[in-house]
Amino acid sequence: MRIFKTPANTYLCLVSALGILLFSFLIKIPTYTRMDWITIFAVAGSILLLNYYTILLPPKGNSLSMDSSIYLASLFLFGLNFTLLVLIIHSIIFAIFQRKVVWWKHLFNFSVYSLMIIGSYNIFSVTGGLIGYIHIENLIPYLLSFGTYFALNLVLVGIYFILSITENLLNFFLDLFKETIATYIGTLLLSLVLAVLMRTDSIFGLILFTCIAFLLSLAFKQHFRLFKEVSEKANKDFLTGLNNHGYFKELLEKLVNDAKDNDQPLSVVILDIDDFKKYNDLYGHIQGDHLLQEFGTLLKSEAEAANFIVARYGGEEFSIIMPNTNRHTAYSFINDFRKKVNDTYYKGVERLPYGCLSFSSGIAECEKATYSISELLNKADQAMYAAKNQGKNLVQIYNGQSDYSLLHSLSLEKDLEELEYQLKIFLSKDVYTYRHSKRVYQYAVNFSRTLKLNEHERKTIILGALIHDIGKIEVPRDILNKKGKLEPEEWEMIKKHVTWGKEIISTNKKLEDLIPLVELHHERYDGHGYPYGLKGKSIPKLARILCVIDSFDAMTTERPYQQTKTFQEAFVELRQCSGKQFDPQFIEPFINMVKQQDTAEITDKVLVT
């Protein structure tokens, strides 16, 4: 049968069958007076009412349910049969009014209450408790009966949840015990209060108790609502309405502990809006605040759809907790969101360097060895700053490895410093080219390792990638930053950057090995490139490699005249152009590197542990 497919369903069936069996065996329909039946229905009605008007208790909203108080008071005053009749009448009426609740939940709930009531009654009787006699002499039976009621509820319900959600057994029961013990102590005291009230006049005492419980419910709901409002104000960022920094760290501490206890993945993301200071300087802090609000709203909408937790980390920085999410899935989510932000218009962003809103982001995944949330956040922060340093509008994953060893082994530091100085000239003219060159350089570092190039080739491709667009310094600024399609004469001007770049590089004899990469990285494998129309293997190998890297970054980064492609869309285009624009032998290795680096880690960059 389908219902026995899981341990939880099997357990549910067994408990339900046991509860119904014991109820059927013990219940009797005696000759009650009309007043007795009125009392039975009045008690059942009181339970129905107070099931709706529970008493909410801060801080977590645990509710103090009055139904158990009434069942226990009924048990102490009128005995088992009376209380079971109240239970079946209440359960039938409740099921009629709650028809949307699936039938097996009603059945399981009824069975659990039956077992709790029957167990409590038997313990009360065995320990010398006297039905209808509310006195201090019955204190021990009261306590034992109550303990049985509480223990049965804890075990019967707890086991079902453990089987359903595979919780750690000890942790689950400890948490459940801590959360419910105070509530159950209150239940016991209230049951004795109700029994005393009903001992003198059952109907009047019940009405009085119900009215008091109803008023308490209303008062505590108001109190809880005010408590939540104050708590939310304390935990929320005033400007964006997102969780604030302090509450974010509090949530992260708990979720990291849960992830480590249950051996579940968890990733943390820190992202920073690019060039936000410039936006503030251009438009003022009021419009800057509006931009933060709009960005926060979009981020919250996207993250909550994936059950992620978002916070404003500070200033223009935001953070995300991603439970049950490894770094690869986190990367896919954030990179898709990056593209959406690039393609979403915000007032005034056309004056930013990329002509759109962008952010840089770092991702760190919690591991067993992670000893504190500070360590985890620091890793995400390092990855985020690596994205910034590489040119912004990027997502980076922290991997704990250092690529600086490669730079030292190739004696690149001095050469890189000299080229970096030349490259920074772009900062005053074309920030896109500067950032693009930094990203292409980093791809070259990674891809040169993947292809296992020799030392000279690795050094050449890395330096060439950094400086390949140096000729654009001669292209007029209005052409470089033009929106929309270039005119033919403007396109011819752009194409000359490879020749001008060659001329600039040729002035430094130390850099002559870089000339083919600077001059020929726009040649095509099918012979339709520029400046010479070289074809196939006549194009130097490193220039063919650089063509793939350069094109991929150009496709996946916002440009004035072209919207961003996702990595998947860029992979499709690389494959479609294999054998045409690109040398086929480098396409799949490059795509695999992007997908698989650090186990599907994409654009993983220079980080120091």
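What fraction of the Cα pairs in the chain, stated in percent, has a spacing above 40 angstrom?
Details: 90325 of 185136 pairs.
Tail of P(r) above 40 Å: 49 percent of Cα pairs.
Which ordering of LEU139, LEU271, LEU451 is given by a fewest-first count of other beta-carbon atoms within 10 Å?
On the way: LEU139 11, LEU271 26, LEU451 17.
Lowest to highest Cβ neighbour count: LEU139, LEU451, LEU271.
In which sequence would THR6, THR127 go, from the one with the fewest C-beta neighbours within 10 Å to the one with the most?
Least to most surrounded, the residues fall as THR6, THR127.
Grab the DSSP H runs of the chain that are 4 residues or longer, score each as -39,500 (n - 2.57), total them, divide by all residues and round the 222 nm result to the nearest 500 deg cm²/dmol.
Rounded to the nearest 500, it is -21000 deg cm²/dmol.
Take each of the peptides 185-193, 379-387, average the number of other beta-carbon atoms within 10 Å over its residues, and list them starting from the highest. Numbers along the way, then the final one.
On the way: 185-193: 18.1, 379-387: 23.1.
Ranking, from highest mean packing down: 379-387, 185-193.
So between ARG99 and LEU215, what do we pick up on full extension, going 0.36 nm a residue minus the alpha carbon distance?
Contour length minus Cα-Cα distance gives 39.0 nm.
Measure up LYS438/LYS459; LYS483/LYS565; LYS233/LYS277; LYS260/LYS300 against 19 Å on the Cα-Cα distance and list the ones that go over.
On the way: LYS438/LYS459 15 Å; LYS483/LYS565 17 Å; LYS233/LYS277 27 Å; LYS260/LYS300 26 Å.
Beyond 19 Å between Cα atoms: LYS233/LYS277; LYS260/LYS300.
Would you kindly calculate the translational diffusion coefficient of region 245-397, applying Stokes-Einstein with the Kirkwood radius from alpha carbon pairs, for 37 °C and a viscosity of 0.692 mPa s, and quote it in µm² s⁻¹ without decimals?
210 µm²/s
When a footprinting reagent is the concern and you count Cβ atoms within 10 Å, what order do MET66, MET116 take, fewest first?
On the way: MET66 28, MET116 23.
With the fewest neighbours first, MET66, MET116 line up as MET116, MET66.
Of the DSSP beta bridges with both residues in region 245-397, give the percent that are antiparallel, rounding to the nearest 5.
Percentage antiparallel, nearest 5: 85.
Take the Cα of MET35, step 7 Å along the line toward its Cβ, and report every residue of region 186-216 whose backbone nitrogen sits under 17 Å from that point.
Label zone hits: 197-207.
How large is Rg over Rh for region 47-163, taking Rg from the Cα atoms and Rh as the Kirkwood inverse mean of 1/r across Cα pairs?
0.98
Enter the angle in degrees (range 0 to 90, nearest 10) between the Cα long axis of helix 169-200 and the first principal axis of the Cα atoms of the chain, meaning the one along which they spread out most.
Relative to the chain, helix 169-200 is tipped by roughly 30 degrees.
Counting Lys and Arg as +1 and Asp and Glu as -1, each charge on the Cβ, what is the dipole of the chain about the Cα centre in debye, to the nearest 20? Walk me through the numbers on the way to the answer.
Details: 63 positive and 64 negative charges, 227 e Å.
Its charge dipole is roughly 1080 debye.
Could I have the simple spin-label model distance between LYS254 and HIS285, label points 7 Å from Cα toward Cβ, reported in nm to one decimal?
3.3 nm
Just grab the label-to-label distance for SER125 and ASN454, each label 7 Å out from Cα along the Cβ direction, in nm (one decimal).
Rounded to a tenth, the inter-label distance reads 9.6 nm.
Can you tell me, using C-alpha contacts under 8 Å and at least 6 residues apart, the relative contact order of the chain as a whole percent?
Averaging sequence separation for qualifying contacts and normalising by length gives 10 percent for the chain.
Rule-based calculations on the coordinates, nothing more; no lab input. In this text the structure is predicted, and so the values were computed from the model without any measurement. Glycine also receives a Cβ, built like all others from the backbone with ideal geometry; neighbour counts cover every protein chain displayed.
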